[in-house]
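The values are calculated or read from the model by the stated rules, or taken from the named source; none is laboratory data. Small disclaimer: the values here were computed from a predicted structure and weren't measured. Neighbour counts are summed over all protein chains in view; Cβ atoms, including those assigned to glycine, are modelled from backbone coordinates with ideal geometry.
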Amino acid sequence: MRRLAHTIVLSGLALLLANCQTPEIRKALVQFDQAFLPVLLYSYEGDTYQAKRAVFFLEFRWQQLRKQYEGMLPEERETFQRINDWLGDAYYAIDANYPQVAANQLEHVKYELADLRDRYGVDYYLDGLYDFEGSLSLLREAANDEMLCFMEWSEYEQLLRETRRSWEKLCAEPFDAALFGFDAQKQSRLREEQQAMAEALGRFAETVSCADRLEMARASNALQPAFLRVLKLFGAFEASQSHFAQRL
């Protein structure tokens with residue numbers, strides 16, 4: 001009897017993991033991020049006018065995603081509620097013209113969903129970008145910290161090497177262009193921006209090799225804009241800015 005129960009549990013888990021990989025769920029994830037990224041990037045930029053317009057599209061996509069996921073994963077109800085609360089807090093901050101506060105709330109949303117996908121083995125291209133962004137942020141933060149965030153110089157150099165390797169690996173990974181709605185022109189643009197990010201890391205590495213702290217801090221300022229130009233390609237800015245907002 002115990003063996004039968006164990007088999008049933010394993011079979012149920014296998015079915016759940018298979019369901020999480022269905023084209024419908026993967027498409028829902030993409031559609032959510034297409035609406036999510038404009039709000040996040042507008043908040044980064046301090047553009048609350050555009051962020052206020054874009055939240056309607058984001059909320060629409062979130063409710064769609066929540067309905068699909070929550071019904072499949074009732075044991076994750078608390079996770080979905082946390083995400084919903086983070087989004088609500090972000091909307092409030094945007095409405096109150098506090099874009100940096102909103103960006104912080106939206107970062108929580110991003111990583112809650114990434115953790116959820118990781119728990120269920122959902123392979124998702126943007127999670128690689130989000131992981132890289134974390135490494136890049138640490139690289140930039142340490143470059144602007146006189147104490148290098150209490151890192152040894154050799155540790156910082158190792159972090160830089162690992163960050164560059166992770167970007168090379170990410171750029172070489174298979175990319176489902178059809179899933180993300182990338183035509184040939186947009187794929188070409190993605191490759192160009194990926195190369196620009198690699199070149200920005202290369203220029204920063206040259207600065208690090210000179211061990212000039214002030215130059216390192218200045219050079220690090222070019223890293224995030226280069227990365228955000230890559231990330232921006234995955235957002236549906238036209239829908240967020242005009243069509244959906246005008247319909248509401």
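Checking each residue in region 45-55 for being surrounded by fewer than 17 Cβ atoms within 10 Å (Cβ to Cβ) and either assigned to a helix (DSSP H, G or I) or in contact with a Gly (Cβ under 6 Å, 6 or more places away or on another chain) (or both) picks out Glu45, Tyr49, Lys52. Could you please find all residues in region 141-183 being touching a residue at least 60 places away in the same chain (Cβ under 8 Å) and within 18 Å of Lys110 (Cβ to Cβ)? Listed by number, the list holds a single entry, Phe180.
Applying the set (1) surrounded by fewer than 13 Cβ atoms within 10 Å (Cβ to Cβ); (2) in contact with a helix residue (DSSP H, G or I) (Cβ under 9 Å, 6 or more places away or on another chain); (3) at pLDDT 85 or above to Glu146 leaves exactly one unmet item: (3). Report whether or not Asn84 is assigned to a helix (DSSP H, G or I), surrounded by fewer than 18 Cβ atoms within 10 Å (Cβ to Cβ) and either free of Cβ contacts under 8 Å to residues at least 12 places away in the same chain or more than 15 Å from the chain's Cα centre (by Cα) (or both). Yes; evaluated as a whole, the condition is true for this residue.
Leu16 falls short on exactly one of the conditions (1) under 20 Å from Leu113 (Cβ atoms); (2) modelled with pLDDT of 50 or more, and that condition is (2). Taken over region 151-184, the residue count meeting the criterion of being out of contact with any helix residue (DSSP H, G or I) (no Cβ under 9 Å at 6 or more places or on another chain) and closer than 21 Å to Phe227 by Cβ is 3.
Summed over region 115-129, residues that are free of Cβ contacts under 8 Å to residues at least 24 places away in the same chain and surrounded by 17 or more Cβ atoms within 10 Å (Cβ to Cβ) total 1. Applying a threshold of 7 Å to beta carbon distances and a minimum spacing of six or more residues, or different chains, the list of pairs starting in region 200-226 at a residue that is part of a helix (DSSP H, G or I) and ending at one that is of a type in the set (Phe, Trp, Tyr) reads Leu201/Trp167; Ala219/Phe204; Ser220/Phe204; Leu223/Phe204.
Taking the criterion of being in a helix (DSSP H, G or I) and in contact with a helix residue (DSSP H, G or I) (Cβ under 8 Å, 6 or more places away or on another chain), the residues of region 69-81 that qualify are Tyr69, Glu70, Met72, Glu76, Arg77, Thr79, Phe80.
Quick grid of which residues meet (1) assigned to a helix (DSSP H, G or I); (2) aromatic (Phe, Trp, Tyr):
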| site | (1), (2) |
| --- | --- |
| Gln105 | yes, no |
| Leu116 | yes, no |
| Tyr156 | yes, yes |
| Trp167 | yes, yes |
| Leu170 | yes, no |
| Phe175 | no, yes |
